[in-house]
C-alpha cells in the first residue's frame, strides 16, 4: 500500500499544499485510456498539456501529494518560454520570475569574461528567466487542473507495467489499495531514477563525472543584479568552481564543488554548509551578513541517454530518457523540448493523422538532440569540473592566461542550452528551396520570432498544427495553392494558411492575415513575395520556398502522412 507523506514540505518562502489523493475506492471502473503519463514533474505535465492541445486525453500519475522539494530547476530559456506560452503558463512565469541576459566569470577576484546575450526587439521573452521549480509546477498543475482532458491523480504510484499486444497495462498503488489501467500508450516521465527504465533493464549510454556539487538555497539580501556569477579557483575552494544565481523572494542559489574524497553526507552537515557559505560571502565582500538556509542537496554531472526513447508502447521523456549536466541550464529546458515533440507526434498517431512509425521519428530527433547536448555539455563540464589531471592542467592554463590575455577569455563561455535543429529529420522537405536561401532558419531549425505590432508576435499564431506562412501583396491566395490546402484539411490534416501582408486588408482564402508593414518577417526569414515557410506543430521549419507552388507543398505534407 502506497502511503505518501501528508506533511507539507518545509520552506521559508513557498507554502506547500498537500493535495487529496485520487483513490480507486472513490471512483468507478477504469475504462481503457489513450495515454497514461507516469510522473508529475515539468516533463510529465507539459506532455499532458501538449496532448490536450491536440485534443488527446491523458491520465497523469503523481506518486506524491505535493510539488517537489527545493528550487531544483530555476533557469528557463527563451525557447522554453515559447513552449510554455503554447501550454498557457508563460505569462505567470514572466509576472513572477527574474529575467536576465548576462553572465560573469571571475578568477582571483577579476572579472575575466562577461557573456551578454543580445536582446532583440523581435523576441517576446528574455534569453533567461529565473524562478524556482515549485512555482513552475504550480502553474503547470493549475493549467492541468483546468483542462477537462487531463485526469490528474495525486498519490498514485506505478508499480509495474506490462505490454501485451497493442496495449500497456499499468498496475498502480494508492493508500486505498491497488488498481489497473489499460492504456494505448504509457509515457515514462518518472525522472532520473526512473523505476520504469530500471524494471525494463534499459541502459543509459554516456559518461558520469566524479565531481560532486552542493546546491544551497539561502535567503540573503545581496545588492547584485540578476546575472549568473561563476567563480573559478577561489581561495577558499582552490581548484574548484562556485556558481551563484539570484531567485525570487530574496533567495540566492549557491552551487559549489566539493574537494575529492568528501562524501555528500559530510558536505550536507549543517556545520559544513555554514562554513562554506560564510566563506563565499566573505570572498564577495559580505562577511558577517546574516542568511537563512532553505534547502540543500548534491548532484554530479552526467551525460547519459537512452539510445531509443520508444519501446513498443512505452515512451521515455525528460530525465527518464536522459541525464544531462546542469551547466548551461540543460535539464528542464531539454525536457520541455522533449515534451513538445512527444505531444504532437503521439497525438498524430493516436488520431490516425500519421502511422505509428511517426513515433520512431520522435525518438530519432530527440536522441539526436540529447547527443548534441551531451557533446556541448561535456565541454562545459570538463571546464567547470576537470575529470582528469590533463584536463585540469589545461583548464588552469586558461585561467592563468585569462588574467592578461584577451583571446583565451571566450573559453569561459558556458555554452547555454539551445533548441536542437532537426537537420536530418525524415520530415524535412525534399522538394523545397532550402539550398537557395541566403539567410533565415533552415530545414529543421527552431523558429525565430517576429514582432509585427505591440504585443503581437509571429509565435503567438503558430503551433498546434502545421502552418503555411505565405508572403503576399495580393488580396487572395493563388487558386491551385488554396485548393491543395483545402484538400489537406478535408482529409483531416491539421493545416492552417497564414498570409503575411503589408496591407491591413484580409487576404481572401487565408485562415489568418498578419499585418507586417515593415516587412519584418521577410527580412528575418529572407523570403521574397510569393515565398513561404512550412512550420511543424512544434514550430520547427520543415519546408521553405522562394516561390511556393501547390505540387511541392503537397509533396512536403505527404512526408508527414507517410511517416
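Read-outs: derived from the displayed coordinates by stated rules, not from any lab. None of these values were measured; they are calculated from a predicted model. Note that we place each Cβ from the backbone using ideal geometry, even for glycine, and neighbour counts take in every protein chain shown.
Evaluate the relative contact order of region 147-236 (contact order divided by residue number), counting alpha-carbon pairs under 8 angstrom at least 6 apart; express in whole percent.
The value is 15 percent.
Please state the shape class of region 434-562: rounded when a/c is under 1.5, otherwise prolate if a/b exceeds b/c and oblate if not, all from the C-alpha gyration tensor.
Rounded shape, in that the Cα axes give a/c under 1.5.
How tilted is helix 479-490 with respect to the longest principal axis of the chain? Cα atoms for both, answer in degrees (0 to 90, nearest 10).
70
Percent relative contact order of region 434-562, based on C-alpha pairs within less than 8 angstrom and at least six residues apart?
33
Under the rule a/c < 1.5 gives rounded, and otherwise a/b versus b/c splits prolate from oblate, where does region 138-181 land using the Cα gyration tensor?
Here region 138-181 falls in the oblate category.
Using packing as a proxy for protection, rank 460-467, 556-563, 141-148, 41-48 so that the peptide with the highest average count of other Cβ atoms within 10 Å comes first.
Averaged packing, sorted descending, gives the order 41-48, 460-467, 556-563, 141-148.
Please report how far the C-alpha centroid of region 125-162 lies from that of region 260-279, rounded to the nearest whole angstrom.
Value for the Cα centre distance between the two parts: 33 Å.
Per 0.36 nm of contour for each residue apart, how much would the distance between residue 117 and residue 274 grow if the chain were fully extended, relative to their Cα-Cα spacing?
The residue 117-residue 274 span can extend by a further 53.1 nm.
Which order do 263, 77, 289 fall in if you start with the one that has the fewest other Cβ atoms within 10 Å? Spell out each step's value before the answer.
Values: 263 10, 77 26, 289 13.
Starting with the residue having the fewest Cβ neighbours, the order is 263, 289, 77.
Based on alpha-carbon centroids, what's the gap between region 427-459 and region 190-213 in Å, whole number please?
That distance is 36 Å.
May I ask for the distance between the Cα centers of region 31-97 and region 537-563, given as a whole number of Å?
29
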